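Q: My questions all concern the structure below.
FYI, it's all coordinate maths here, none of it is from the lab. Remember, it's a predicted structure, so these values are computed and weren't measured experimentally. We place every Cβ from the backbone using ideal geometry, glycine too, and count neighbours over all the protein chains shown.
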């Protein structure tokens, strides 16, 4: 511990990398000397992994999409997953995309024989909802196009939405004042029919009688395999279903009608024009009862399945589509090691040193094994709640090599798999677990981390004062020195080129308005110089008191009363990360320290300092010191002409006795200057690159960031 603290102290004083490397080498020699793999007879192993797509809540599966669209160059085999295994039903038409949605409560916005009018309805509804379908049905002797909206949990919820749509005047004009009606998951059933053609003929007969009917696939092994039925009607309640039965009973070709059993797996077939919006091109839409059906999609072993709604990514393995919590659930199931090919490429640039990639592979593998079946029906999700997973597009030869070279290796502490946490950059020192979540973990301690490698080749930026008194950042290649200085000793520079944008932080942000746009020859005063914001070093803000208060809302357990006047760091952990903050003199009540990142305006890390630009101490003519914002009285200044005037400008510039100029503001504002990106616990990805570039292998890197661990292989 004393040795670690000594190295930490040296690193904090930013001595040369050579001395850091030497000190680190001593430590790594110590851990490596005891790193011969012991024999572990029960090292955990995972063969197949289930990755949930579209999940948006930790620990509970909910979805953000109402339908999913799959395709494969080799064609898709579609079937149903049963407890005994997968039963393949049919091979989908390779020329068509296969779409899936739940057969639940929906709203029929309108139907028309005019395809172009139907497309106009679709676009109108799509402007406010992502759950919209344009399908066709044979009705009254002609093809009708139906626009349906929603995936609702109940009849009441659908009815409320229906009333909302009925108040959309533009939509009502498109539907010729047709009132939206409810569709539901209750159906009558007729059949079986000898072929899909016979079922379609029966559906047309039902449509001729004014009743909606949809062809349905079901599998009955005892009856000879795949069969075709009709779902007659789509009712939201029993009374509506009875009314459909009365009307349908007059259609002789339907024969006997029974209530459809949703517990028996089925696929309801539709010609879908939602994506194509082309009369001559439709996709296949399959609706199913989510409470009982698990649809299984597979393709040739060497082929890939593309999921349109997830950025059109392609994936290894197979997909399962089902319902959970009354929402569409989408799972990619594939070999665990092949999943890691993508994770390593998504989490770390494939061009980095192979030993950094290997360290990432082992950490990612260990993380998954430690979590088990963490999301009800899946081990992990494909986003930051678990670890990044982008399908085959994230794979590269080097990431595959890194995974294969470390196949089966996991990290153990006292014989148990660790929670191998990692983040982008530790910002110079990894976090002790207690600094982030309030509890100590023996293998997750703070160590120095060579994360400065992320700053290589980046621009320097000047923080400058503009002629109108505002401050901002200009990139170093857009200004040139004049050789002049202000009376306070600050350098004066001149802008090169027209239309130069002055940024609020030292970084180009496409979605953030610049402070100003200035032209060639404009003279600016330099306050300081900073490297372009990056995973190692960053600046955020300035935030007004109102903006910071809004960010804290719903993220603190005890709300802040009144306007924010002061924000002070009142506690720090072993790595210098913030563990306590006082706002207006009161401790900010949060769940755990890492919450400060979101509560203070989505900061990259908790290793930061606060620049309270509204905090000013002034010595008055009576030799008394007053402090803002505690004293909010008017500030008076004495000009060169000797006249006293009230200060009206928002920005104030204060020089100390050493000639250093500080930018302050009349009203409270807050800037955050920090280091690191992410929680900082465990492996630092940029730090791993820094160590690998110095010649350390992946086991040394892992044992450096995770203390007193062993790397074992199945």
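Q: Rank these for me by crowding, 68, 86, going from fewest to most other beta carbons within 10 Å. Before the final figure, lay out each step's value.
A: Values: 68 23, 86 16.
Final ranking by Cβ density, sparse to dense: 86, 68.
Q: Starting from 0.36 nm per residue, how many nanometres of slack lie between residue 480 and residue 308 once their C-alpha separation is accounted for?
A: Values: separation 172, 0.36 × 172 = 61.92 nm, distance 4.92 nm.
Gain on stretching residue 480 to residue 308: 57.0 nm.
Q: Another question, then. Among 352-365, 234-247, what's the highest-first ranking by average C-beta atoms within 10 angstrom per residue?
A: In decreasing order of mean packing, 352-365, 234-247 become 352-365, 234-247.
Q: Please work out whether region 237-319 counts as rounded, prolate or oblate from its C-alpha gyration tensor, where a ≥ b ≥ c are the square roots of the eigenvalues and a/c under 1.5 means rounded, while otherwise a/b larger than b/c means prolate and anything else oblate? Show your work: numbers first, answer last.
A: Details: a/c = 2.93, a/b = 1.92, b/c = 1.53.
It is prolate, given that a/c is not under 1.5 and a/b is the larger ratio.
Q: Using alpha carbons only, what's the Rg to Rh ratio of region 459-531 with Rh from Kirkwood?
A: Reported Rg/Rh, Kirkwood definition of Rh: 0.93.
Q: For residue 513 paired with residue 159, estimate the spin-label separation in nm (one decimal), with each label point 7 Å from Cα along the Cα-to-Cβ line.
A: 4.6 nm
Q: Can you tell me the mean projection area, over all orientations, of the convex hull of the chain's alpha carbons? Units nm², please.
A: Averaging across all directions leaves 40.3 nm² for the Cα convex hull.
Q: Mind jotting down a quarter of the surface of the convex hull over the alpha carbons of region 420-503, in square nanometres, one decimal?
A: The orientation-averaged projected area of the Cα hull of region 420-503 comes to 9.4 nm².
Q: Let's test the formula: R0 of 51 Å, r as the Cβ-Cβ distance of residue 458 and residue 586. What FRET efficiency results, to the nearest 0.05?
A: It comes out at approximately 0.85.
Q: I would also like to ask the following. Subtracting the Cα-Cα distance from 0.36 nm times the residue separation, let me have the gained length for residue 261 to residue 47 in nm, one decimal.
A: 73.4 nm
Q: Label points 7 Å out from Cα along the Cβ direction at residue 280 and residue 694: separation in nm?
A: 6.6 nm
Q: Given the Cα-Cα distance of residue 351 and residue 655 and 0.36 nm per residue of separation, how much length would full extension add, in nm?
A: Computed gain between residue 351 and residue 655 is 104.8 nm.
Q: Beta carbons within 10 angstrom, averaged per residue: use that to sort the peptides 685-694, 76-85, highest first.
A: 685-694, 76-85
Q: Moving on to the next point. Taking a ≥ b ≥ c as the square roots of the Cα gyration tensor eigenvalues, with a/c under 1.5 meaning rounded and otherwise prolate when a/b beats b/c, else oblate, which class fits region 186-253?
A: Note, shape of region 186-253 comes out oblate.
Q: A further question follows. Give the peptides 186-199, 598-611 in descending order of average Cβ contacts within 10 Å, highest first.
A: Packing proxy ranking, top to bottom: 598-611, 186-199.
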